[in-house]
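Student: First, the structure itself, so that you have it in front of you.
The values are calculated or read from the model by the stated rules, or taken from the named source; none is laboratory data. Predicted, not measured: the structure shown is a model, and the values here were computed from it. Don't worry about glycine lacking a Cβ; one is built from the backbone with ideal geometry, like all the others, and counts go over all protein chains shown. All accessible areas refer to the heavy atoms of the entire protein, side chains included, with ligands and DNA or RNA removed. Shrake-Rupley method; radii C 1.70, N 1.55, O 1.52, S 1.80 Å.
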Amino acid sequence: MLKAVSLPDASGLKLLLLPLLLAAGFFVSFVIGSYPISIETVLAIIVGKIMNLPQSWTKDMEIVVMKIRLPRITAAILVGAALSTSGAAYQGMFKNPMVSPGLLGVSAGASLGAALAILFSYNIVGIQIGAFIGGMLAVTITYLVSVWLGRNGDTMLVMILTGIIVGMLFSSFLSLIKYAADPYTKLPTITYWLMGSLASVNSNDVLIASIPIVIGLVLLMLVRWNLNVMSFGDEEAKALGVNTGRVRLLVIAAATMITASAVAISGMIGLVGLIVPHLARLLVGPDYKVLMPAAMMMGGLFLLFVDNLARTLYAVEIPLGILTSLIGAPFFLYLLVNTKKKGWA
Amino acid sequence: MKMRLEAKNVSCGYAAKTVISGISLALNQGESLCILGPNGIGKTTFFKTILGFLALQSGQILLDGEDIHRWSRRKLAAKVGYVPQAHNPPFPFKVLDVVTMGRTAHLSFFSSPSQKDKEIAEEALCTLGITHLKDRIYTQISGGERQLVLIARALAQQPAFLIMDEPTANLDFGNQIRVLNQINKLVQQANLGVIMTTHFPNHAFYCASKVAVLGRDKMFTVGTADEVITESYLKAVYGVDVQIVDVGKRDNSLKVCVPVAANCG
């Protein structure tokens, strides 16, 4: 006799749909681009990497698929997942739906670190390490200053304000670097990189960035239930048995690590960390148990979609960061207007 | 076996400022304690200290003889539940999700609630007679319903003691009585020890096995409602004239306290 299996509820079903969409998006994206390759050829090339197949494709096709499109598609998914997962984590932790990875000064810090590395002509690994150190430095300053300032009062608000100030400080250092940079060689590189783009990623960059991103994502997934409780406020979370200090430290460290690594390969990509968690919340509801994986996969899908637009919309590639902001800013306004009517969804 | 929560000569407050001092009281499971006192006297500060949000300035808080300020958050939360005054979280959680959060103290750091935890949460909703709210959005239900949901969340925590911060604040007359009836039921049937604050002496008469009154100038008294809530004592604490009268039948009478209009100033 068949045993009754409890069916997952609606949000669970939607969650099962997302990996399928992501897989479909992954393969379809290989076909998109100026060099025409059919989906059969793409599949044959990928399968051919794993097992022996009679070679029915040209060497050029293999290079386009494996060396150009695969790193770029993987990078778009990784960066999108990283930014939106850390955005969702910050939003729960600060009980504030308006918060994003930019909040703690992480993006600004990571950008400063990367720009410095570009200024000193370091290679891509150097740029990644620079972004990571810059991001960590910014968040550490924000964290320590806000704990010190907020020791008798509202740590949360103080932390957000401190993050904004630290972000501004790092941004002005960034401007100083741009001012000092060689206007013919370094300045265009820094400026273009700051606009956010995946045009120049290679497999090596993606591989190096994927390690901290995957570790950070796994950590955030593991502690995601605590974020539900944290969104009711520090005291209630403590009364419910959460060691709030430990959760906050772990979430900040993990979210910062993935944000900095994402910034290092893609530059500044705005608003993904703000709008995708909201889209995910509209789709599966606010429970972090399902919200976190949903935000992660939707972030990957969203950035993959926007990056496909970026590389196909015009003959000349549009920087990804500009596109996400163009799409994100009106959405942000829509959220603001909608919130006034019926609260955060 | 009944557990016992004990405060021994407790002083508490913020940093350099001591808000209240010299508080000693004890409560067993299956008893309720109502704390009365004027605004700003330190009732909430006392609660925050019991729950470990604030460090003790002196004295001890013991649970079954163990000093709870050495306990981890998880261990304390498994014994002492907290029902705060209802407020809105920033996200529209479902009622069942909110109640399931009460299970956090029984989960390991890296895990999420299981089906079993969901069942315990549904049981808590059932105990309070609000199963129909299960799938409603917590931020969209009424204040009285929200208060009951927070009590259900604390029940899902399966503690021995409940600390309730003005459970009847901001509720209409009917909801006040409904919440008090639920508290009575939890104390008598579920064998919980309840400590609650209230601004209404009548509520203390209605459901407290013990009453503690905090007043200015370190005034502090604890005892049964009949012993502590007297006309002269309320005059001393709140500065108003009241009359305490018996209502109802002889074998089922209840004391109530009514203001004496002529002398209310």
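Student: For segment B:30-56, enumerate the residues that are surrounded by 18 or more Cβ atoms within 10 Å (Cβ to Cβ), of a type in the set (S, T, N, Q) and more than 14 Å from chain A (Cβ to nearest Cβ).
Tutor: B:32, the sole residue that qualifies.
Student: Hey, among B:162, B:254, B:180, which residue is of a type in the set (A, V, I, L, M), within 25 Å of residue B:120 (Cβ to Cβ) and in contact with a Gly (Cβ under 6 Å, 6 or more places away or on another chain)?
Tutor: Working: B:254 fails: within 25 Å of residue B:120 (Cβ to Cβ); B:180 fails: in contact with a Gly (Cβ under 6 Å, 6 or more places away or on another chain).
Sole residue among the options that is of a type in the set (A, V, I, L, M), within 25 Å of residue B:120 (Cβ to Cβ) and in contact with a Gly (Cβ under 6 Å, 6 or more places away or on another chain): B:162.
Student: Out of everything in segment B:180-219 that is assigned to a strand (DSSP E or B) and touching a Leu at 6+ places or on another chain (Cβ under 6 Å), what residue ends up being surrounded by the fewest Cβ atoms within 10 Å (Cβ to Cβ)?
Tutor: Applying the first criterion (assigned to a strand (DSSP E or B)) to segment B:180-219 yields B:193-197, B:210-214.
This time we only want the ones that are touching a Leu at 6+ places or on another chain (Cβ under 6 Å), so: B:193-195, B:210, B:212-213.
On the way: B:193: 25, B:194: 27, B:195: 25, B:210: 21, B:212: 25, B:213: 24.
Among residues in segment B:180-219 that are assigned to a strand (DSSP E or B) and touching a Leu at 6+ places or on another chain (Cβ under 6 Å), the one surrounded by the fewest Cβ atoms within 10 Å (Cβ to Cβ) is B:210.
Student: Of the conditions (1) in contact (Cβ under 8 Å) with a residue 40 or more places away in the chain; (2) buried (at least 19 other Cβ atoms within 10 Å of the Cβ), residue A:67 fails just one. Which one is it?
Tutor: (2)
Student: Separate question: Do you know which of the residues in segment A:85-97 that are assigned to a helix (DSSP H, G or I) and not polar (S, T, N, Q) is nearest to the other protein chains (Cβ to nearest Cβ)? Show your work before the answer.
Tutor: So the first thing to find is which residues in segment A:85-97 are assigned to a helix (DSSP H, G or I), and the list is A:85-93.
Imposing the further condition that a residue be not polar (S, T, N, Q) reduces the set to A:87-90, A:92-93.
Values: A:87: 14, A:88: 11, A:89: 13, A:90: 12, A:92: 8, A:93: 11 Å.
The qualifying residue nearest to the other protein chains (Cβ to nearest Cβ) is A:92.
Student: Identify, please: which residue in segment A:92-107 is within 17 Å of residue A:144 (Cβ to Cβ) and under 14 Å from the mean Cα position of the chain (by Cα) and is, among those, surrounded by the most Cβ atoms within 10 Å (Cβ to Cβ)?
Tutor: Per the criteria, the residue is A:106.
Student: Only one residue in A:100, A:111 is outside any helix (DSSP H, G or I) and of a type in the set (Ser, Thr, Tyr), so which one is that? Break it down stepwise before answering.
Tutor: On the way: A:111 fails: outside any helix (DSSP H, G or I).
Every option except A:100 fails the conditions.
Student: Additional query: Only one residue in A:326, A:336, A:282, A:271 is within 14 Å of chain B (Cβ to nearest Cβ) and open to solvent by 20 Å² or more (accessible area, probe 1.4 Å), so which one is that?
Tutor: A:282
Student: From the list A:112, A:78, A:119, A:104, which one is under 21 Å from residue A:174 (Cα atoms) and at pLDDT 90 or above?
Tutor: Numbers: A:78 fails: under 21 Å from residue A:174 (Cα atoms); A:119 fails: at pLDDT 90 or above; A:104 fails: at pLDDT 90 or above.
Step by step, each of A:112, A:78, A:119, A:104 is checked, and only A:112 is under 21 Å from residue A:174 (Cα atoms) and at pLDDT 90 or above.
Student: Right, residue A:189: open to solvent by less than 40 Å² (accessible area, probe 1.4 Å), of a type outside the set (A, V, I, L, M) and either out of contact with any Lys or Arg (no Cβ under 9 Å at 6 or more places or on another chain) or under 19 Å from residue A:273 (Cβ atoms) (or both) or not? Even if it seems obvious, please write down each step before you answer.
Tutor: Working: open to solvent by less than 40 Å² (accessible area, probe 1.4 Å): no; of a type outside the set (A, V, I, L, M): yes; either out of contact with any Lys or Arg (no Cβ under 9 Å at 6 or more places or on another chain) or under 19 Å from residue A:273 (Cβ atoms) (or both): yes.
In short, no.
Student: Which ranges mark the helices (runs of 4 or more DSSP H) fully within segment A:197-249 that have 1 or more residues being away from chain B (no Cβ under 14 Å)? Steps first, please.
Tutor: On the way: elements: A:203-222, A:224-230, A:234-239.
Answer list for segment A:197-249: A:203-222.
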